[in-house]
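Chemist: Here it is: the structure, laid out below.
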Amino acid sequence: MTPDLECVGLVKRFGDTTAVDNVSFSVPPGSFFSILGPSGCGKTTIMRMIAGFLDPTSGDIRIKGGSVLDTPPNKRPVNMVFQHLALFPMMTIAENIGYGLRRRGMGKAEIARKVDEALDRIGLPGIGARKVDELSGGQKQRVAIARCMVLEPDVLLLDEPLGALDLKLREHMKVELKALQAAFDTTFVYITHDQSEALVMSDQIAVMNAGRFEQVGTGQDLYYRPDTPFVAGFIGESNRWKGRIEAVDGGQVQLRTESGLAMRATGAGLAQGARAEIFVRPESIRLASSEDALSGFDNRLQGTVTSLLFNGAASRVLVEDDVGETLEVTLPQSGEFSALKRGDAVHIGWGAGQATCFGAG
Amino acid sequence: MIPTIPTSRAFRLTYGAYVALFFLYLALPLTVVAVFAFNDSQFPSLPWDGFTWAWFFGTERPQIGVFHERGILRAVGTSAFVAGCVAVLSVAVGTTNAFLFNRYEFRGKGLLYVLMLLPLVIPGIVLGISILIFSSTLANGIWDLAQMDIQALRPGLLLVILGQFSFITTIATLVISARLQKFDRTLEEAALNLGADRLTAVRTITLPFLAPAMVGAVVVAFLMSFENFNTTLMLVGSDAPLTIAMFDRLKEGSTPLLNAVSLLLMLGSSLLALLVILFQRRP
Amino acid sequence: MRSQSRIAFYLLLTPLVLWLGLLIVIPHIDMLLISLRERISFGVYDRSLLQYEKALTEPLYLRTFARTAVMSILATAITLIIAFPVAYYIAKMAKGRLQQVLFLLCLIPFYVSELVRTFGWMILLRETGIVSNLLQWTGLADQPVELLYTDATMMVGLVYTSMLFMVVPLVTTLESLDDSVIEAGYDLGGNGFSVLREIIIPHAMPGIVSGCIVVFMLSLGNYLTPTMLGGKDSLWFTEMIYNQFIVRSNWELGAAFGFMLLVLSSVIVWGMLALTGRTLKETMG
C-alpha cells in the first residue's frame, strides 16, 4: 500500500543552521503519526514544509506517492490545524467551515449541506451562525478540524493544537481527537512537545531532537525500549547516572556509577571498561519495608527517606542510600506505605531489565 | 496621586477645579461661535438682539442664511470634492504602504520609513510652497519644450488635492499599519492552506480585518482635508474650499453667517467622529 | 511564487516612491534650487546666495525669524505645563465612564476647523467682544477694551490650537503606567513630588517628546492664529513667506524663507530627539 505521506532525505537550512537534517519517514494510510520533540527541534519546520509554506533545501515530500514540491500550498491535498487554530474572527462558524469549499467554487446549497454535515460530525449541530469568539476552547478546536475535514484532505496536519487549552480540557481533547481521527478515517500528522499527547493518541511516534529523528516507533517501543539516551531521558522520567562497565555478561552488564553505586543493567554493544549512561524509571523501582520482599530483583539497596513528594497518583519518595546517592522512587498507592515519613529506613530494588544503559562518548 | 493614595481635601478640590477650568477654556470659543449663530444682528457680538434662525434659512438681505448663500454652498461643495479625493487617494496609498512596510524586508526600508514620516514634521505652508514651486517648474518646462500650457499644474484644485494628500497619506499609513501589525499572519496561511491563492487570501481575510482601520482613516483624512488651511492657502486657485472662503470673509468683517457655517461644520465633524468611534467599538 | 512576490513588491513600492519622490523630495530640492538663484532680468537667473544674504542681514526678517522660534518654544512649554495635569487626571484619576467622556471632550474641539476656533477667540476678545463687555459690566473697565492683537492673545490661541496634540500622547503614555508602580513609589517612602519626578515624568517622557515635537511644529507653521489674533507689528515667519509668494511674487526670497523655516524646525526637532535619546521612528511611528 502506498503511504499517504512520505518524506525522503528532507533537509532544511536557514543560513548556517540546519533546522531539519536528513529526515525520512513514511506514514501509512489512516494512521495517527506524531512528531514529538522539545521546542526548537525542527518539528514545526517539517510541518511547514509539508504544508508548503517553506521549501526544503533538499529531499522530497510525496503525498499518495506523488511529489508535491512544485505544488503551491493552496493546491496541496493537505490541510493544517494551526497552533492557535487561526479561525477567521470576522466570519461565522459556518463561513469558516465553508471557506475552502467556496475557494473551490462549490455551489451555495451544497456548501451549506456539507457544513451542516461537518457540524454534525463534530457533535456541534446548529452552531453555524455563531461567531468564533462565542465558542469555548474545545469547540473552537473541533471547528478548526471540521474546517479542514470538509475538504477531505489526504493528510491532516496538526501543529500543537492543544497547547492553548487548560489541563483538564487538554486531557479530554486527547481522547476526542483520537476518536475524531477514527471517525474521519484520515491520516493525522500531529506535532507536539507534550509526550503524553503523543503517547495517548498516536499509532506511531517519531522522537525528534536537533533536526534529526532519534527513534520512530509505537509508544511502548519508546517507553520500554528506547534506542538512544535522548529518548530514554525525554520519554517518561528517569533516575540517571554516568558510570563505567565492569563486566559484560550476554545482554546484561555489571557496572559502577561515578558515586560508587554497583548495579546490573541491560545494554547492547558495550565493552568492559566503557563509559555508560544508565536510566532507571522511578516506577520500575520497588519499595519495600524488608529486604525479603525484594529477593527477585537483581539490584537491591537500603536507604533512608529524605523527602516525600506528594502528587496524587504520581507521588514519589526520595531515598538516599549508603553511598549518598539519591533515587526517585514511585510511591505505591495501595495503602501499604501510607504511614511513610521522612527519616524512615526503607529497602528498594529493581531488575537488570529495567535499568537501561547506553554507551557514552 | 492616584485614587488609592490618600490626598488632602484641599488638593483634590484645587485639582478638580483646575481640570474644570481647562474644559471651560476648551469649550468657550466653540460655545460663543455656536451661540452667536442665532443672534438677530449684523455682528456676532453683544448686545444680544434676540433669537433668530435667519442665519441658517434667511432668504432676504441683509440676513441671507447658509442654505441660500451661493458662495458658501459652492465652497462646501468644493471642500467636499477635495476631501473625498484626498480621503480615497491617501487611504489607497496608505494601505499599499502599510503592506509594503509590514510584509517586506528590503534595502533602504529604514530610510523610506523615515522619509514617510517626514511630512508630519514639515510645516504645512512649506509643503504648500514646495509643491507650488515644483509644479510651476514643471509647467514652465513643458511650455518651453512643447509650447503647451498645462493648466492643471497651476494653482487650483489638483494642486490642493495633491498638497493635502502629501501629508495626510502619512497619517493614513500610520493608522492602517498599526492595525496590520496586529494581524495574525497564520490567518492568511490558513486561507492558503484551505485553497485560496495569495490575492484571494488578502481579499477575503486581511482586507476585512483592516476594514475598521481603513474606514477610520477615510474619515480622519476627510476631516483633515476639510479643515486644512495652511497647505491649501498656498495652492488654491479660483475655486476656494470652505476654509479659504471663510477666511476671506472673516478678513472683510464677520457676520453671524460665519457662525452659522461654523456651527454646521462642528455638528458635521462631531457626527462623523462619533460614527467612527461607534464603528470601531463594534467588535 | 518567488517571482509573483517580487511583482507584488514592486507594485507596492511604486505608489510610495511616486508619492515621496514627486510630492516631498523633489519639490523640496526644487525649492532649495529656487532659493539659491538671483533674478538678473526677465527669464534670466544666476546662482547666488543673495536671498540668504538678504534674509540674514535685513533686521526685520531676522527679528521675525527669531521671534517665531522663541514664541513657538514658549507656546510648546506653556502647552505642556497646562496639559500635563489634565492628561494625568484623565489617565490616572478619572475612572471608567468619566475617563472616556473627558477624553472625548478633549478631542471634539479639534474635529473643528482651526478657522472656527480662531473665530471664537475673536468673538470673545475683540473690542466689542464678550470679555470686554463682561469687564465693563462688572466695573473692572469703564470703556471697551481691545484684547486682540497682542502677543498674549496670540499665545492663548496658539496653545488652544495645539492642546489636543499634547493631551493625547500624554494620556496614552500615562495610561500605560501601572498604578502599582506609583503605589510602590509611595510604599518605599516617596512623596508626591519625588514620585512625580522619579517615576511619572520619566515614564511619560516618550509622550512628552512626541507631544512637544508636534506642538512645536504646529506653532511654528501656524498662519491663521498669528494673522488673526496677533498684533500688526508682530509678524510671524509664515506670514512673511505668504507675503513674498502671493503678495510680492518674489519666489526666490520666499523659497529661502521656506527653507530657513524647514531648517529651523529640523534643528529643533532633531535637538529634542537627541536630548532625549530617541529616534523619529519611535516618536512618530
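Rule-based calculations on the coordinates, nothing more; no lab input. Bear in mind the structure is a predicted one, so any value in this text is a computation, not a measurement. Neighbour counts are summed over all protein chains in view; Cβ atoms, including those assigned to glycine, are modelled from backbone coordinates with ideal geometry.
Chemist: Roughly how many nanometres apart are two label points built 7 Å out from the Cα toward the Cβ at C:Gln100 and C:Arg197?
Modeler: So the label points at C:Gln100 and C:Arg197 sit 3.9 nm apart.
Chemist: Still on this model: In degrees between 0 and 90, to the nearest 10, how far off the longest principal axis of chain A does helix A:93-103 point, with axes built from Cα atoms?
Modeler: 70 degrees
Chemist: Please list the non-local residues whose amide H lies under 5 Å from the amide H of C:Tyr45, H modeled 1.01 Å from N, same-chain partners needing a gap of 5 or more.
Modeler: Placed amide hydrogens put C:Ile40 under 5 Å from C:Tyr45.
Chemist: What percent does the relative contact order of region A:239-359 come to when contacts are Cα pairs within less than 8 Å and at least six residues apart?
Modeler: On the way: 289 pairs, mean separation 38.8, N = 121.
After rounding, I find 32 percent.
Chemist: Residues of A:280-288, mean number of Cβ from any other protein chain within 10 Å of their own Cβ, rounded to a whole number?
Modeler: 0
Chemist: Could you work out the helix-only [θ] at 222 nm for chain A, with each DSSP H run of four or more residues adding -39,500 (n - 2.57) and the total divided by the number of residues, to the nearest 500 deg cm²/dmol? All intermediate terms of the calculation are to be shown ahead of the outcome.
Modeler: Working: 8 runs with 84 residues, N = 361.
For chain A, the value works out to -7000 deg cm²/dmol.
Chemist: For region B:135-248, just say rounded, prolate or oblate: build the C-alpha gyration tensor, square-root its eigenvalues into a ≥ b ≥ c, call rounded for a/c under 1.5, and beyond that prolate if a/b exceeds b/c, oblate if not.
Modeler: On the way: a/c = 4.12, a/b = 1.96, b/c = 2.10.
Since a/c reaches 1.5 but b/c is at least a/b, the shape of region B:135-248 is classed as oblate.
Chemist: Is the shape of chain B best called rounded, prolate or oblate, per the rule: a/c under 1.5 gives rounded, else a/b larger than b/c gives prolate, else oblate, with a ≥ b ≥ c the square roots of the Cα gyration tensor eigenvalues?
Modeler: Numbers: a/c = 2.02, a/b = 1.21, b/c = 1.67.
Note, shape of chain B comes out oblate.
Chemist: On to the next question. 7 Å from Cα along Cα→Cβ at both B:Phe279 and C:Asp142: what's the point-to-point distance in nm?
Modeler: 6.0 nm
Chemist: Sticking with this structure for a sec: Partner chain Cβ atoms within 10 Å, averaged over the residues of C:6-17 - can you pull that number for me? Before the final figure, lay out the partial values.
Modeler: Numbers: counts 1, 0, 7, 5, 0, 3, 9, 6, 3, 9, 12, 3.
The shielding value for this peptide is 5.
Chemist: Could you line up C:Trp236, C:Trp137 from fewest to most neighbouring Cβ atoms inside 10 Å? Intermediate results must be reported in sequence, preceding the final value.
Modeler: Values: C:Trp236 25, C:Trp137 10.
Going from least to most buried by this count: C:Trp137, C:Trp236.
Chemist: Can you tell me the order of C:270-282, A:210-222 when each peptide is scored by its average per-residue count of other Cβ atoms within 10 angstrom, highest first?
Modeler: On the way: C:270-282: 13.0, A:210-222: 18.3.
Going from most to least packed, we get A:210-222, C:270-282.
Chemist: Let me ask something else about it. Summarise the partner chain shielding of B:30-36 as one whole number: the mean count of Cβ atoms from other chains within 10 Å of each residue's Cβ.
Modeler: Averaged over the peptide's residues, the number is 5.
Chemist: Which residues' amide hydrogens lie under 5 Å from the amide hydrogen of A:Asn209, considering only partners 5 or more residues apart or on another chain, with H built in the peptide plane?
Modeler: A:Glu214
Chemist: Which whole-number percent gives the relative contact order of chain B, counting Cα pairs below 8 Å spaced six or more residues apart?
Modeler: On the way: 305 pairs, mean separation 81.5, N = 283.
RCO, chain B: 29 percent.
Chemist: Which peptide among B:85-96, C:6-17 comes first, and what is the full order, when sorted by highest mean count of other Cβ atoms within 10 Å?
Modeler: B:85-96, C:6-17
Chemist: Hey, another quick one. As an exercise, use a Förster radius of 45 Å and the Cβ-Cβ distance of C:Ile29 and A:Ala129 to find the FRET efficiency, rounded to the nearest 0.05. Present the calculation step by step, with values, prior to reporting the outcome.
Modeler: Details: r = 58 Å, r/R0 = 1.30.
Computed FRET efficiency for C:Ile29 and A:Ala129 comes out at 0.15.
Chemist: Let me ask something else about it. If amide H atoms are built 1.01 Å from N in the plane of the peptide, which residues on other chains or at least 5 residues away come under 5 Å of the amide H of C:Glu127?
Modeler: Under 5 Å from the amide H of C:Glu127 lie the amide H atoms of C:Leu147, C:Leu148, each far enough along the sequence or on another chain.
Chemist: Taking the number of other C-beta atoms within 10 Å as the exposure measure, put A:Asp322, C:Asp30 in order starting with the fewest.
Modeler: Numbers: A:Asp322 11, C:Asp30 20.
Fewest-to-most ranking of A:Asp322, C:Asp30: A:Asp322, C:Asp30.
Chemist: Let me ask something additional. What is the distance in Å between the Cα centres of region A:225-243 and region A:283-361?
Modeler: 18 Å
Chemist: In degrees, nearest 10, range 0 to 90: what is the angle between the Cα axis of helix A:167-184 and the longest Cα principal axis of chain A?
Modeler: 60 degrees
Chemist: Separate question: Where in chain B is the longest stretch that carries no trypsin sites (Lys or Arg not before Pro) classed as loop by DSSP and with at most 13 other Cβ atoms within 10 Å? Show your work: numbers first, answer last.
Modeler: Numbers: sites that count: B:Arg107, B:Lys182.
Formally, the longest exposed-site-free interval is B:1-106.
Chemist: Under a plain spin-label model, where a point goes 7 Å from the Cα along Cα-to-Cβ, how far apart in nm are A:Arg13 and B:Ser8?
Modeler: The modelled label-to-label distance comes out at 7.4 nm.
Chemist: To test your reading of the geometry: what angle, between 0 and 90 degrees and rounded to tens, separates the Cα axis of helix A:137-149 from the longest principal axis of chain A?
Modeler: 60 degrees
Chemist: Moving on. For an R0 of 51 angstrom, estimate the FRET efficiency from the Cβ-Cβ distance between C:Ser5 and A:Thr306 and round to the nearest 0.05.
Modeler: Numbers: r = 62 Å, r/R0 = 1.21.
Approximately 0.25, to the nearest 0.05.
Chemist: Suppose every K and R has +1 on its Cβ and every D and E has -1 on its Cβ; what is the size of the dipole of region A:249-361 about the Cα centre, in Debye to the nearest 20? Intermediate results must be reported in sequence, preceding the final value.
Modeler: On the way: 9 positive and 14 negative charges, 39 e Å.
Result for region A:249-361 is approximately 180 debye, rounded to the nearest 20.
Chemist: Under 1.5 on a/c is rounded, so check that first for region C:48-284, then, if it is not, pick prolate when a/b is larger than b/c and oblate when it is not; a ≥ b ≥ c are the square roots of the alpha carbon gyration tensor eigenvalues.
Modeler: Since a/c reaches 1.5 but b/c is at least a/b, the shape of region C:48-284 is classed as oblate.
Chemist: Under the rule of -39500 (n - 2.57) per DSSP H run of 4 or more residues, summed and divided by the residues of chain B, what mean residue ellipticity at 222 nm is obtained, to the nearest 500 deg cm²/dmol?
Modeler: Details: 12 runs with 199 residues, N = 283.
About -23500 deg cm²/dmol.
Chemist: Here's something else I'd like to know. Could you list C:Ser265, A:Ser315, C:Ser162 in order of exposure, starting from the residue whose Cβ has the fewest other Cβ atoms within 10 Å? Numbers along the way, then the final one.
Modeler: Values: C:Ser265 21, A:Ser315 14, C:Ser162 28.
The most exposed by this proxy come first: A:Ser315, C:Ser265, C:Ser162.
Chemist: Normalised by the number of residues in chain C, what is the relative contact order in percent for Cα pairs under 8 Å and 6+ residues apart?
Modeler: Values: 277 pairs, mean separation 70.0, N = 285.
Computed over chain C, the figure is 25 percent.
Chemist: Here's a follow-up. With n ≥ 4 as the cut-off for DSSP H runs, can you work out [θ] at 222 nm for chain C, using -39500 (n - 2.57) per run divided by the number of residues, rounded to the nearest 500? Walk me through the numbers on the way to the answer.
Modeler: Working: 15 runs with 199 residues, N = 285.
Here the helix-only value at 222 nm equals -22000 deg cm²/dmol.
Chemist: Another question, then. What does DSSP give for chain A in terms of the percent of beta bridges that are antiparallel, rounded to the nearest 5? Write down the numbers at each step before the final one.
Modeler: Numbers: 63 of 83 bridges.
Rounded to the nearest five, the antiparallel share is 75 percent.
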